[in-house]
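A.B. asks: I have a structure I would like to understand better, so I am pasting it below and will then ask my questions one at a time.
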Amino acid sequence: MAKKNGSIMYKCSNCGYSQPRWLGRCPDCGEWNSLEEIIIDKTKTGPAGRTSEEQVKVKPVSLSSVDASDTSRISTGIEEFDRVLGGGATKRSAILLGGEPGIGKSTLLLQTASGISNKLAADKQILYVSGEESAAQIKDRAIRLGIDSSRIQLLCTSRLDDTLDALDSINPLFVIIDSIQTIYSLEAGIIPGTVNQLKYCANELISWVKERDSVLIMTAHVTKEGTIAGPKALEHMVDTVISFERNNEDIRFLHAQKNRFGSVDEIGIFSMSSEGLSPIADPNSLFINKRANRNVAGLSCTPVFEGSRVFLVEIQALTVPAKASVSRIYSEKIDSGRVARIAAVIEKRCGLVFSDQDIYVNVTGGIKLSESSIDAALAAALYSARTDLPVKAETTLFGEISLTGEVQPVGKAKQRIKTAQNFGSKCIICNEKDDSCLQVCDIKTLIKSAFSN
């Protein structure tokens, strides 16, 4: 059945077996209706010198006939990782994991490989491709972590050709590339990490996964600015982009910047030790300091949503006279523009001057806050720091503050109130009609309620 640009073959999407005639059942693996029509062009050269190029002949199908099970998920065996992914890794998807060197990306993926291998069928394998470490180094880490590596196939190479050959021979369910910036193909040059190399190699690996019920995870380093190194197009090519960050201690935060199969609001929290990454059982303990004396100026507490969970966090503020009459705002965990806006509202509506002060704002535990609901607690912390008066003990605040000084209601108030009560807050200040709360409608009333005995 020769065609103008090649010959027609039928390839099994389950095991890769191919033959020139279509059959209802694959003779090799026994899967029904798995043979797909492909075009083999022997005149073209594939990745790294391959002599032929296979292309699946795509035909339109009715949307109503599409089987939703094609997007079924695979649990990673790590609850916090599954949470960020939206309930597990989706089959036929590509995931990009970015983080600074030494943060624990390889540790996380090795633990993930172990967790998945415990749930795999006997004929399924996991392929771990490392272009940065030797086999002995990875084995040493596996022993230190105490994981079972019997179901994990290891390939230490930087050549795309070796990787694709291993994929074809093993047909793994889960593929780990550590890292994509070390993989190169002669088709795109001999220097790894270039723009062409990243796009070419990533495209070949993603194409392989999309044709099978497999999952691809690629790690990538980040720049000094915290963004994933390489072309932005690499983030557009994958289905999920996950950022792996740390605070000043051994705490790691995992959150999605892009997720086609789930929410980008979920956050995973881990503790790093010599035994690997461990999920944090009680995240609230990270974000609230257990100090004996709570009557300290410049502190306030607020409940924030991160995906489906509510955390009680502590906002810290400090004000000092500005140097050289030029005031500045130092805030990494809360947008400095939000800090400036709340300070301006307090100065206008309450008469407390901030324009001659340097303002420092921090969040306990190192978590970044972007919700508008933190405005009320931020205002209380700034007022407390400027006046050196502590917020009332066991007080929690939440609510959005407008430029007119009004305190606006925010979503999911009941969950926020419940979290504050469970943590022991006796005074909850917000703009909600609830018997357990102190309702305020403007910033003057909020300040008065937060500081009066």
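A.B. asks: Given the criterion crowded, with 16+ Cβ neighbours inside 10 Å, modelled with pLDDT of 90 or more, within 24 Å of I38 (Cβ to Cβ) and touching an Asp or Glu at 6+ places or on another chain (Cβ under 9 Å), identify the matching residue among L155, L164, L145, L205.
C.D. replies: Checking each option against the conditions leaves just L164.
A.B. asks: In region 404-453, which residue that is of a type in the set (G, A, S) and outside any helix (DSSP H, G or I) is nearest to E306 (Cα to Cα)?
C.D. replies: So, considering only residues that are of a type in the set (G, A, S) and outside any helix (DSSP H, G or I), the one nearest to E306 (Cα to Cα) is G411.
A.B. asks: Could you figure out which of (1) touching a Leu at 6+ places or on another chain (Cβ under 9 Å); (2) open to solvent by less than 20 Å² (accessible area, probe 1.4 Å) isn't true of L85?
C.D. replies: So the condition that L85 fails would be (1).
A.B. asks: Inspect all residues belonging to region 61-82 and state whether any of them is open to solvent by less than 50 Å² (accessible area, probe 1.4 Å) and modelled with pLDDT under 80.
C.D. replies: So far as region 61-82 goes, no, none of its residues is open to solvent by less than 50 Å² (accessible area, probe 1.4 Å) and modelled with pLDDT under 80.
Residues are listed down the side, and each one gets a yes or a no for (1) closer than 20 Å to A379 by Cβ; (2) more than 34 Å from the chain's Cα centre (by Cα):
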residue: R416; (1), (2): yes, no
residue: A420; (1), (2): yes, no
residue: I428; (1), (2): yes, no
residue: D434; (1), (2): no, yes
residue: V440; (1), (2): yes, yes
residue: F451; (1), (2): yes, yes
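A.B. asks: A follow-up question, please. Determine which member of the set T364, T319 is more than 12 Å from A379 (Cβ to Cβ), at pLDDT 95 or above and among the β-branched types (V, I, T).
C.D. replies: Going through T364, T319 in turn, just one is more than 12 Å from A379 (Cβ to Cβ), at pLDDT 95 or above and among the β-branched types (V, I, T): T319.
A.B. asks: A follow-up question, please. Taking P279, is it over 20 Å from F398 (Cβ atoms), touching a helix residue (DSSP H, G or I) at 6+ places or on another chain (Cβ under 9 Å) and of a type outside the set (A, V, I, L, M)?
C.D. replies: Details: over 20 Å from F398 (Cβ atoms): yes; touching a helix residue (DSSP H, G or I) at 6+ places or on another chain (Cβ under 9 Å): yes; of a type outside the set (A, V, I, L, M): yes.
Taking the combined requirement at face value, the residue satisfies it.
A.B. asks: Since G424 meets every condition but one in (1) surrounded by 15 or more Cβ atoms within 10 Å (Cβ to Cβ); (2) farther than 24 Å from K348 by Cβ, which condition does it not meet?
C.D. replies: (1)
A.B. asks: Could you run through region 100-134 and say how many residues are more than 21 Å from the chain's Cα centre (by Cα), in contact (Cβ under 8 Å) with a residue 12 or more places away in the chain and either assigned to a loop (DSSP other than H, G, I, E, B) or loosely packed, with under 12 Cβ neighbours inside 10 Å (or both)? Spell out the reasoning first.
C.D. replies: We begin by selecting, within region 100-134, every residue more than 21 Å from the chain's Cα centre (by Cα); these are 117-127, 129-134.
Restricting the remaining residues to those that are in contact (Cβ under 8 Å) with a residue 12 or more places away in the chain gives 117-120, 124-127, 129-134.
Still in the list and also either assigned to a loop (DSSP other than H, G, I, E, B) or loosely packed, with under 12 Cβ neighbours inside 10 Å (or both): 118-120, 124-125, 131-134.
Residues meeting the conditions: 9.
A.B. asks: Report the residue count in region 88-99 for those that are surrounded by fewer than 19 Cβ atoms within 10 Å (Cβ to Cβ) and under 13 Å from F253 (Cβ atoms).
C.D. replies: Count: 0.
A.B. asks: While we're looking at this one, here's another question. Of all the residues that make up region 248-302, how many are within 25 Å of A379 (Cα to Cα) and modelled with pLDDT of 90 or more?
C.D. replies: Of the residues in that region, 6 qualify.
A.B. asks: Condition test on G262, is it surrounded by fewer than 21 Cβ atoms within 10 Å (Cβ to Cβ) and in a helix (DSSP H, G or I)?
C.D. replies: Criteria not met by G262.
The values are calculated or read from the model by the stated rules, or taken from the named source; none is laboratory data. Predicted, not measured: the structure shown is a model, and the values here were computed from it. Glycine gets a Cβ as well: all are built from the backbone with ideal geometry, and neighbour counts include every protein chain shown. Note: areas computed on protein heavy atoms with side chains; ligands, DNA, RNA excluded. Shrake-Rupley method; radii C 1.70, N 1.55, O 1.52, S 1.80 Å.
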